Structures are given as C-alpha cells and as structure tokens.
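Each remark here refers to the structure printed beneath this line.
The values are calculated or read from the model by the stated rules, or taken from the named source; none is laboratory data. Quick caveat: nothing in here was measured; it's all calculated off a predicted structure. Here the Cβ is made from the backbone with ideal geometry for all residues, glycine too, and neighbour counts use every protein chain on show. All accessible areas refer to the heavy atoms of the entire protein, side chains included, with ligands and DNA or RNA removed. Shrake-Rupley method; radii C 1.70, N 1.55, O 1.52, S 1.80 Å.
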Amino acid sequence: MKRVLITGGAGFLGSHLCDRFIKEGYHVIAMDNLITGDLRNIEHLFKLPNFEFYHHDVSKFIHVPGELDYILHFASPASPIDYLKIPIQTLKVGSLGIHNCLGLARVKNARVLIASTSEVYGDPNVHPQPEEYWGNVNPVGPRGVYDEAKRFQEAITMAYHTYHGLETRIVRIFNTYGPRMRLNDGRVLPAFIGQALRGEDLTVFGDGSQTRSFCYVDDLVEGIYRLLLSDYAQPVNIGNPVEITIKQFGEEIIKLTGTSQKLILKPLPVDDPKQRQPDITKAKAILGWEPKVSREEGLKITYDYFKSLPEEELYAAAYNREFSKK
Ligand code: UDP
C-alpha cells in the first residue's frame, strides 16, 4: 500500500485530498495544527485502518515513522481574512513548513507536491495567466505574507529539485469552492451564501467589476492527482477558466438561494486583484485535464452543504478561532 502525507489534511482542500487518496487505496497520514483546519472535515476517516491523523504544526520539525511515497504540502491559511489575522503563521508554514517537508522527502525518498496559488501572479497585467507570467505582487501589502510565502515555496521546491534531484510537483491553484469551506473564512462564496442564509444583504467589495474564475473542488482534486502522478516538475495552473464578475456572482447566489436580500457595495480591500483567469493549456496538454463540473452544478452542491450546517454555526462570530501568536 502506497503511503501519502497530506499537510493541512483537516482543511478544505486537504480533507478532500484525504478522501481521494483513501478512495485510491492509499495509506493516508493527515497532519494539521487545526488553526484553520477542522477535525469535522475528516472525522469520517478516523475509523479506517489506513488513515492516521497527526495534530502537529508543520513549521516545527516533522517526524513520521515508516515509509512515505508522496508528500502533499497543503497546510496554509488561504483567505485574505486569515492572512490579516495570522500573518506570521502564514509566512512560517510557507517557508519553514515546506523546508521541513522537503527535508522529510529527502530522507524518505518521497515525491513532493506543493500547493501554490494564482496569488503568485498578484494583480496580473497579463490575462489570462499562463505559467510563464512572473506576476505583479506587492510584497509589503496585506496579501504579501501569503503571496511571497507561496513564491518562496515554489523557489525552494525548485531548488531541491535541481540541487538534490528531488521529485517535485507544483500546482498553482485558482479560486476553488465546494463543501467544507469555512463559513467564516471571509471568502466570497461562503460570505455570500452565509449572508443569504441569515437574511442579510450580500456585500460586494468595490463596484463588483473585478473577476474571478471558480473551480469546483472535485475537478481541482482530479487535476492535482494527475499532476502528482505525472513526470512534470514545472508549475501547472489548475482552475476553471470560466470567468465571472463578482457582481454577477452575487446575482447568481441571490437566484440560487432565493433570498429577497440585495447586493450592497463595500470598500474594495487593498491590492484586491482586478481580474483572474487561469490559462489551462498546459494542464490540458500534459495531464489531459479540464474541469467538468459547471458552476450551476457545483454551487448547488455547495449550497446544500452550507444549508445542512447547524444554525448556531451560521450565526457564530465572524472569526472565533483560537490561534497561537508564536
Ligand atoms: N468579495 C466580495 N464580498 C465579500 C468577500 C469577497 O465582494 O464578502 C470579493 C473580493 O474583494 C474579491 C473576490 O470577492 O474581489 C474574491 O474574494 P476571495 O476572498 O474569495 O478570494 P481572492 O480575492 O483571494 O480571489
């Protein structure tokens, strides 16, 4: 049985990856410090003999007994609200955390796949964004802690690949949605659906003309799985190229939820990218991958998930998690 370590295994993407690797017959070790992850995302796996959970901060030395075939580094806060609340941890997990993963990979002779992001392109001047574009990032803005950590993560991963000959893969993930997103993580989809369910107006930042391209989580996981098993070490964009303005997106959520509330405009956050759309030519050519789930289908599944959550969660404080300042 092949063995995979998934850091951030209790998070939104990490937990879906745990499910996928379990389904594929792997022994899965999930690691998470639970700052932004949630054990409820993986509690259905605890009964399985081929699943283990380590409550550990990947920024500290990692010890995993036994062999490892693959390491997937998905630990990181991943929403603008999180970067503002926990900027130091965001930088540490993308620097010290990946360093530990790469060291572990060398010892275990494992292949490493890292979760990078469309944020490496910053507020892009090239549209749609191909992997060759180097980006337009403000290192000292509020998003800098995330963007630069992820850029560093790509650089150190590539250095281990070229200097140590380590097998590495880099996925640049564009906006992704689906069940297990945190209702209070500040991202646009949980924000809009949460507001609709509470009977509040939907807060559009700026004039809503900024664009994003939303990928359903199952499509993303398929792309990541294919990339891991491929022999391609350069970065690959995985995302859905169907682009939409945030205002249109709000209107879709109003229609989906049937809320009688309306869109209201709020100030645009600093350095909020104006447009974002992945160029997925490489993913198509190298992995034979493209997204399959339409936004209509994916949003319905996601809405049903949020509707099924306990009511108190819907009304819980916007951000109420304990986190260490270290
Ligand atoms: N956004 C919004 N209202 C909200 C939350 C977000 O209009 O309540 C906007 C945000 O300014 C951004 C887009 O939606 O332009 C996507 O935001 P998100 O935080 O989901 O992701 P990112 O900016 O990292 O793509």
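For this structure, a couple of remarks:
- Whole-percent carbon and sulfur share, accessible surface of the range 96-173, 1.4 Å: 55 percent
- Annotation: lysines with alpha-carbon distance below 28 angstrom to residue 47 (same-chain offsets under eight excluded): 2, 23, 60, 108, 307.
- The stretch between residue 200 and residue 308, if pulled fully straight at 0.36 nm per residue, gains 37.0 nm over its current Cα-Cα span.
- Normalised size of the chain, defined as Cα radius of gyration per 2.2 N^0.38 Å with N residues, equals 0.95.
- Trypsin sites (Lys or Arg not before Pro) restricted to DSSP loop in the range 202-301 with at most 15 other C-beta within 10 Å: 262, 274, 292
- Taken about its Cα centre, the range 103-183 carries a charge dipole of roughly 460 debye when the Cβ of each Lys and Arg holds +1 and the Cβ of each Asp and Glu holds -1.
- The distance between label points at residue 292 and residue 245 comes to 3.4 nm (points 7 Å beyond Cα on the Cα→Cβ vector).
- 19 Å Cα-Cα reach of residue 262 towards aspartates and glutamates, excluding residues that sit fewer than 8 places from it in its own chain: 200, 201, 207, 251, 252
- Antiparallel DSSP beta bridges within the range 168-326, percent to nearest 5: 25 percent
- When the inverse distances between all different Cα atoms of the range 47-157 are averaged and flipped, the Kirkwood radius reads 15.1 angstrom.
- Zone residues, the range 228-247, relative to residue 207, backbone N less than 14 Å from point 7 Å out along Cα-to-Cβ: 246-247
- Over 21 Å [Cα-Cα, the range 35-112], rounded percent: 36 percent
- Charge dipole of the range 30-148 about the Cα centre (unit charges at C-beta), most positive-ward option of 122, 93, 59: 59
- Residue-averaged 222 nm ellipticity for the chain, from DSSP H runs of 4+ at -39500 (n - 2.57), nearest 500: -11000 deg cm²/dmol
- Per-peptide average of other Cβ atoms within 10 Å, ordering 14-25, 35-46, 166-177 highest first: 166-177, 14-25, 35-46
- Excluding ligands, DNA and RNA, the accessible surface per residue across the range 143-295 is 40 Å² with a 1.4 Å probe.
- Evaluated with a Cβ-only charge set (Lys, Arg +1; Asp, Glu -1), the chain carries a dipole of roughly 420 debye about its Cα centre, given to the nearest 20.
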